[in-house]
Amino acid sequence: MTEAPSNSVNALSAPFPWQGAQWAQLGRAFAASQLAHAYLLCGREGLGKSLFADSFARYVLCMKPIDQSAVGGLVDVAIACGTCSNCLKCGTGNHPDILTIEPEEGSKNIKIDQIRWLSEFVIRSSHSGGAKVVIIQGAHLLNANAANALLKTLEEPNAYTHVFLVSDHPGRLVATIRSRCQKLAFQVPDADVAVSWLQAIIGEGNVNSILEASDMRPLIALQLAEGDSLQARAQFLQSICDLKTGKKSIQQVLSLVAKNGESEVLQHFSAFLSKLTKYSLTGIIDNEDDSALQSMYTLLVPSKKKLIAQAVASSLACFYTELETARRQIASNTNPNPQLIMESILWQWSKLNLH
Ligand SMILES: [Zn+2]
């Protein structure tokens, strides 16, 4: 078999530059044979938690890990070599000691049958003679029966099997599962880290605007850079501004939403609102905001009188809570009606008193 070039494989198996601390924490535990039975990798979407779990699983199974000194400025981390027989099997996605579970195609849930495979995987012996790793992507999507079945497995840990639950919404996992996992939290990176990572991939361009639109989540920023989402975002924000000033109707905004999807526009709306709230309180517009956004802020919140500004900020904060509730409802697996939720949000926005 031809060996894959080590650089390309290593690039897949290393953590992102903003994940050095989490990698070092797990790496030290693994080196000391103290890796916990179960970890809950949590944090917002777009921070690379899934790829982190995948890369760490490869590292756990690798037979010749190599030192990596360039991860988040940390000097004592190692990553998978990318060339040993275990790494090559991982590279094809076929390592028998790694099991990845996620909702099956067309389903919004992880079902009990999938957790039964997991239980069988946990008790059988390792093919390579070392550890085994289970990765549960979107762990908050476990349905009630599947969660109960998983709980049983977590209650009877197997010393050589490590379970990584990955979730953007850990609060939706039942508390009994959460309490059996060690929590590993991922945060949005510092701006300079995110900027240099994105620049290395897409070149100079409008990196700052893209990161701002993604709310500083690098993998979301990369999706925006690769699609025409940035233009869609500008159009949507302009339309909610027009709705507020009476130039557009709720129906007109809804037809724009239908083109782009509720989740995506609500994400833009949410990021825009936090900036608008900050502006209403401080009068400060972030450097990276483009001029179209700046004129929207001043148009929507023209008053600089302090008492009024505080009242506006608290109205915006209340509305922000509603918006986040709507986002959760749309992302939930309870068959929400996104159009109705969106219509209600736009109606509330149109009635919001900002003066
Ligand atoms: Zn290896």
Could you run through the stretch 239-277 and say how many residues are of a type in the set (Lys, Arg) and closer than 14 Å to Glu212 by Cα?
1
Closer than 19 Å to Val253 by Cβ and in the same structural domain as Gly246 (by TED's automatic domain parsing) - does that describe any residue in the stretch 307-314?
no
Please pick out the residue among Ile250, Ile210 that is under 20 Å from the mean Cα position of the chain (by Cα) and of a type in the set (Val, Ile, Thr).
Ile210
Go through the stretch 107-143 residue by residue and tally those that are of a type in the set (D, E, K, R) and touching a residue at least 40 places away in the same chain (Cβ under 8 Å).
1
Hits in the stretch 82-120 (condition: part of a helix (DSSP H, G or I), of a type in the set (D, E, K, R) and more than 16 Å from the ligand (Cβ to nearest atom))
Asp113, Arg116, Glu120
Right, Lys64: more than 26 Å from Pro218 (Cα to Cα), within 16 Å of the ligand (Cβ to nearest atom) and not hydrophobic (A, V, I, L, M, F, W, C) or not?
yes
Under 25 Å from the mean Cα position of the chain (by Cα), in a loop (DSSP other than H, G, I, E, B), surrounded by 14 or more Cβ atoms within 10 Å (Cβ to Cβ) and away from the ligand (no atom under 16 Å from the Cβ): is that true of Pro157 in this structure?
no
Condition met for Val71 (more than 16 Å from the ligand (Cβ to nearest atom), on the phi < 0 side of the Ramachandran plot and modelled with pLDDT under 95):
yes
Just one of the numbered conditions (1) in contact with a Pro (Cβ under 9 Å, 6 or more places away or on another chain); (2) at pLDDT below 95; (3) closer than 23 Å to Ile136 by Cα is not true of Ala78; which one?
(3)
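The values are calculated or read from the model by the stated rules, or taken from the named source; none is laboratory data. Quick caveat, the model's predicted, so the values are computed rather than measured. Note that we place each Cβ from the backbone using ideal geometry, even for glycine, and neighbour counts take in every protein chain shown.
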